[in-house]
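Have a look at the structure below before the remarks.
The values are calculated or read from the model by the stated rules, or taken from the named source; none is laboratory data. What you are looking at is a predicted structure, and each value in this text was computed from that prediction instead of being measured. Every residue, glycine as well, gets a Cβ built from its backbone with ideal geometry; the counts of neighbours run over all protein chains shown.
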Amino acid sequence: MSAPLRRLRETPRHLLVCERSHVRHERSRHAARVRGHAYNCRVSFLIPECGVLPEPLKSVTTDMGEYYLVKNLPLHELVAQEFISAFVKTGSCYALTYNTRIDQDNTAALLPTGKLILSVDKDTYEELGLQGRPSRYSGKKVMRYIITIDLTDSAFHSDSKKYKRVLWALRDKKPLEFDFLLSWHHTGADGSTLMSYFSKHQIQAHQPKITFSTLRNLQCPVLCSNELQGKPEESCSAQELFEWLGAVFSNVELDNKSFSFVSTYCCPEPSTMMDQAYLCTITGFILPEKIIQLLDQLCAYFDEPKLAQWVTLTVHGFADSPVSWRENEHGFQKGGENLYNFVVFRSLDYWLQMAVGANDDCPP
Amino acid sequence: MRSTRELGLAKPFATRAAQPGHHYLRVSVEFPDGGVRLNAAHFKQLIVSALKELHGEVGAALPVDVLTYDEKTLSAILRVSSSGFVKLWSALTLLGSYQNRKCAFRVVQTSPFLLALSGNSRELVLD
């Protein structure tokens with residue numbers, strides 16, 4: 001095949017990593033995976049054969065915590081010593097720029113580990129004068145740079161040269177302002193202190209949007225927790241389940257015939273018909289700590305005998321976040337997907353599927 | 001292209017990294033002159049004619065599924081095999097008219113994962 005024709009058939013690289021383990025296993029990394037994925041915009045869970053949500057699950061769902069939108073916040077406010085000691089060093093503070101595109105605009109994010117990540121274009125990088133590294137996905141001619149500032153570093157105090165340089169760059173040399181999504185997780189003091197700290201700026205509190213629905217007569221694939229790749233005639237693979245879940249969330253017709261003109265998609269076989277399934281979706285700026293609580297409650301769902309064989313928990317990351325898992329750089333090529341999905345079985349075995357697009361490292 | 005990553009750890013772990021075989025597009029079609037009603041079959045026919053115009057008979061035979069279709073907003077989710085993704089997207093982009101009416105396709109979101117299309121953080125709007 002000639003080179004141009006071959007190029008027509010190429011697609012950007014993308015990965016779906018599937019893992020299998022047990023929730024109570026001492027070396028299970030499910031909590032670490034959730035904690036490592038800092039910025040989550042949408043969390044959904046699906047419980048087959050469930051008409052009414054149990055109380056503990058309902059209370060965790062309605063208590064996902066509020067988050068804040070601060071408009072036109074100068075970036076140097078996040079490196080102020082007062083902010084660092086009040087929020088970064090106590091508890092976990094999350095911040096992400098709102099309405100910025102990672103492939104076009106400057107973006108900033110504050111990780112709960114205290115690292116401030118700036119993803120800036122070439123001109124901004126040269127004007128700022130801070131040390132960074134070229135983006136891994138910027139090609140031969142570098143147009144994007146990543147600057148990482150460790151706010152919890154012992155050398156980053158108000159008398160140090162490093163601190164003075166950073167403050168000078170962000171406040172005087174090239175003042176940057178963004179709309180930030182902020183949230184703070186801590187045990188102890190009242191969470192409204194973020195609201196009072198930024199009261200001089202335009203700060204608004206938001207509650208995550210929650211929608212519940214019951215799906216009737218849903219065709220579900222049959223799964224076997226030991227068979228990640230599925231077994232012909234016996235169970236479906238993790239990949240087929242991933243696609244089926246996407247179809248359910250997008251209200252795709254699951255019962256097309258192979259000769260249908262419009263669509264030939266159908267539920268993977270073998271499948272069973274469920275009378276009903278409970279679907280809940282939470283949208284907003286959701287913290288990993290809350291997702292872990294939700295996952296624990298979903299595992300606790302099987303403490304009593306239930307009809308469901310498995311439940312799923314799906315988490316979508318922000319397409320424009322500069323990081324995906326931990327500090328792995330994340331980019332937007334034709335899509336900014338970085339999402340993961342848990343399938344928890346009755347036996348508390350689980351499958352974890354992590355999906356990333358082209359401008360992403362392989363998930364951990 | 002498939003790669004398997006066996007971690008070599010205690011029994012409970014098993015890992016497999018895989019390349020998906022389909023691509024998904026969330027698209028919508030605009031008719032600037034307005035007043036056009038298309039049902040799902042007409043919409044599919046629109047896509048097939050776009051493929052035929054740019055890629056010929058072989059292109060028109062590319063299996064494309066219209067997974068969802070909203071008649072009011074003229075938007076849909078399409079599924080195509082990964083090898084036909086570039087052909088489909090280029091055909092939709094270059095479609096200028098349908099039945100003598102000017103039209104334009106907008107590709108809103110695309111992903112190799114259907115699950116990714118149900119959550120688009122760029123559509124998160126906070127007042």
| Every residue from the stretch B:114-123 that is in a helix (DSSP H, G or I) and within 7 Å of chain A (Cβ to nearest Cβ) | B:L114, B:L115, B:A116, B:L117, B:S121, B:R122
| Qualifying residue in the stretch A:123-139 (condition: in a loop (DSSP other than H, G, I, E, B), free of Cβ contacts under 8 Å to residues at least 40 places away in the same chain, under 20 Å from A:Y197 (Cα atoms) and not polar (S, T, N, Q)) | no
| query | Condition test on A:E49, is it without any contact (Cβ under 8 Å) to a residue 12 or more places away in the chain and surrounded by fewer than 21 Cβ atoms within 10 Å (Cβ to Cβ)? | reply | no
| Search result, residues across the stretch A:274-300 that are touching a strand residue (DSSP E or B) at 6+ places or on another chain (Cβ under 6 Å) and under 23 Å from A:N217 (Cβ atoms) | A:M274, A:Q276, A:A277, A:Y278, A:L279, A:C280, A:T281
| Are any of the residues in the stretch A:254-263 touching a residue at least 60 places away in the same chain (Cβ under 8 Å), hydrophobic (A, V, I, L, M, F, W, C) and in the same structural domain as A:L16 (by the TED database)? | no
| query | Among A:P54, A:P12, which is over 17 Å from the mean Cα position of the chain (by Cα), at pLDDT below 95 and within 30 Å of B:G84 (Cβ to Cβ)? | reply | A:P12
| task | Confirm whether B:D127 is part of a loop (DSSP other than H, G, I, E, B), within 14 Å of chain A (Cβ to nearest Cβ) and not small (G, A, S). | result | yes
| Is it fair to say A:I84 is aliphatic (A, V, I, L, M) and part of a strand (DSSP E or B)? | no
| Here is a list of conditions, (1) part of a loop (DSSP other than H, G, I, E, B); (2) β-branched (V, I, T); (3) within 18 Å of B:A116 (Cα to Cα), and A:T264 meets all of them except one; can you say which number that is? | (3)
| task | Please work out if A:T100 is hydroxyl-bearing (S, T, Y), touching a residue at least 60 places away in the same chain (Cβ under 8 Å), more than 19 Å from B:S121 (Cα to Cα) and outside the structural domain of A:Y39 (by the TED database). | result | no
| Those residues of the stretch A:232-243 which are surrounded by fewer than 16 Cβ atoms within 10 Å (Cβ to Cβ) and closer than 17 Å to A:Q309 by Cα, in sequence order | A:E234
| query | (1) away from chain B (no Cβ under 14 Å); (2) in contact with a Lys or Arg (Cβ under 8 Å, 6 or more places away or on another chain); (3) not in a loop (DSSP other than H, G, I, E, B): which one isn't true of A:M64, the others all being true? | reply | (3)
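The rows are residues; the columns are (1) within 26 Å of A:L5 (Cα to Cα); (2) within 12 Å of chain A (Cβ to nearest Cβ); (3) basic (K, R); (4) not in a loop (DSSP other than H, G, I, E, B).
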| residue | (1), (2), (3), (4) |
| --- | --- |
| B:R26 | yes, yes, yes, yes |
| B:V29 | no, no, no, yes |
| B:E53 | yes, no, no, yes |
| B:G56 | yes, no, no, yes |
| B:K87 | yes, yes, yes, yes |
| B:V107 | yes, yes, no, yes |
| field | Some residue of the stretch A:344-353 being within 29 Å of A:S135 (Cβ to Cβ) and assigned to a strand (DSSP E or B) | value | yes
| task | Assess whether B:S111 counts as being within 7 Å of chain A (Cβ to nearest Cβ), in contact with a strand residue (DSSP E or B) (Cβ under 7 Å, 6 or more places away or on another chain) and more than 15 Å from B:V36 (Cβ to Cβ). | result | yes
| remark: Checked the stretch A:32-41 for anything part of a helix (DSSP H, G or I) and within 9 Å of another protein chain (Cβ to nearest Cβ); matches are none
| said: Looking only at the stretch A:72-110, how many residues end up being basic (K, R) and modelled with pLDDT of 95 or more? | reply: 0
| message | What are the pairs with Cβ atoms under 7 angstrom where one residue, in the stretch A:331-359, is facing chain B (nearest Cβ under 9 Å) and the other, located anywhere, is in a loop (DSSP other than H, G, I, E, B) and of a type in the set (D, E)? Sequence gap at least six, or different chains. | response | A:G336/A:D320; A:A355/A:E337; A:G357/A:E337
| Would you pick out the residues in the stretch B:96-125 that are hydrophobic (A, V, I, L, M, F, W, C) and within 29 Å of A:H14 (Cβ to Cβ)? | B:A104, B:F105, B:V107, B:V108, B:F113, B:L114, B:L115, B:A116, B:L117, B:L124, B:V125
| request: Give just the number: which of (1) touching a helix residue (DSSP H, G or I) at 6+ places or on another chain (Cβ under 8 Å); (2) surrounded by fewer than 21 Cβ atoms within 10 Å (Cβ to Cβ) does A:M274 not satisfy? | output: (1)
| Single match in A:Y137, A:Y125 (criterion: over 24 Å from the mean Cα position of the chain (by Cα), surrounded by 15 or more Cβ atoms within 10 Å (Cβ to Cβ) and either in the same structural domain as A:K89 (by the TED database) or among the β-branched types (V, I, T) (or both)) | A:Y125
| said: Would you confirm whether or not the stretch A:17-31 contains a residue that is among the hydrophobic types (A, V, I, L, M, F, W, C), within 11 Å of chain B (Cβ to nearest Cβ) and assigned to a loop (DSSP other than H, G, I, E, B)? | reply: yes
